[in-house]
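What follows is a single structure, written as structure tokens, with notes after it.
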Amino acid sequence: VQLQASGGGLVQAGGSLRLACAASGRAFSRYSMAWFRQAPGKEREFVTAISWSTGSKYYADSVKGRFSISRDNANNTVYLQMSGLKPEDTARYYCAAEVGGSKYLTWRRTYDYWGQGTLVTVSS
């Protein structure tokens with residue numbers, strides 16, 4: 001499985017961005033998908049995930065109410081809509097795929113495949 005993230009860029013605080021992650025493979029609809037982020041000097045942290053089986057969505061407390069994850073199985077793509085961006089959201093954002101049916105979708109180690117990341121910079 002190959003993942004290609006796009007959509008990052010420079011945005012002012014309060015602005016919005018939509019990230020996309022295109023996945024290879026014909027079983028995309030059976031992958032749980034997630035977004036993580038890593039700021040300079042910090043560990044990679046969970047942002048949001050969507051379960052392939054239930055459609056349930058999970059969010060880190062820091063992004064609840066501002067970020068939204070969605071998926072388009074017909075086009076093998078998962079999206080991250082970000083609004084109300086803050087300087088502390090500045091990070092490289094990575095999409096990830098879980099193909100084994102795990103229910104621990106907020107854990108970094110759950111994920112089997114990772115994209116290369118796309119940089120989001122929020123200016124104050």
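The values are calculated or read from the model by the stated rules, or taken from the named source; none is laboratory data. Since the structure is predicted, the reported quantities are computational estimates derived from the model, not experimental observations. Counting neighbours? That spans all protein chains shown, and the Cβs are built from the backbone with ideal geometry, glycine included. SASA here: full protein model, heavy atoms, side chains in, ligands and nucleic acids out. Shrake-Rupley method; radii C 1.70, N 1.55, O 1.52, S 1.80 Å.
Data overview
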{"read-out": "Any hit, segment 53-69, residues being at pLDDT below 95 and either open to solvent by less than 50 Å² (accessible area, probe 1.4 Å) or in contact with a helix residue (DSSP H, G or I) (Cβ under 7 Å, 6 or more places away or on another chain) (or both)", "value": "yes"}
{"read-out": "Total residues in segment 38-55, condition over 19 Å from residue 77 (Cβ atoms) and either within 13 Å of the chain's Cα centre (by Cα) or polar (S, T, N, Q) (or both)", "value": "5"}
{"read-out": "Number of the condition not met by residue 34 [criteria: (1) open to solvent by less than 60 Å² (accessible area, probe 1.4 Å); (2) within 19 Å of residue 87 (Cβ to Cβ)]", "value": "(2)"}
{"read-out": "Residue 44 being in contact (Cβ under 8 Å) with a residue 60 or more places away in the chain, open to solvent by 50 Å² or more (accessible area, probe 1.4 Å) and under 22 Å from residue 4 (Cβ atoms)", "value": "yes"}
{"read-out": "Pairs, first of a type in the set (D, E, K, R) in segment 96-124, second modelled with pLDDT under 95, C-beta under 6 Å, six or more apart", "value": "112/99"}
{"read-out": "All positions within segment 79-117 that are of a type in the set (S, T, N, Q) and under 15 Å from residue 40 (Cβ atoms)", "value": "90"}
{"read-out": "Pair list, Cβ under 6 Å, 6 or more apart: segment 72-88 residue more than 11 Å from residue 14 (Cβ to Cβ) and open to solvent by 60 Å² or more (accessible area, probe 1.4 Å), other residue at pLDDT 95 or above and hydroxyl-bearing (Ser, Thr, Tyr)", "value": "81/68"}
{"read-out": "Unmet requirement for residue 15, which otherwise passes all of (1) part of a loop (DSSP other than H, G, I, E, B); (2) open to solvent by less than 60 Å² (accessible area, probe 1.4 Å); (3) free of Cβ contacts under 8 Å to residues at least 60 places away in the same chain", "value": "(3)"}
{"read-out": "Residues being surrounded by fewer than 18 Cβ atoms within 10 Å (Cβ to Cβ) and within 14 Å of the chain's Cα centre (by Cα) - total across segment 90-109", "value": "3"}
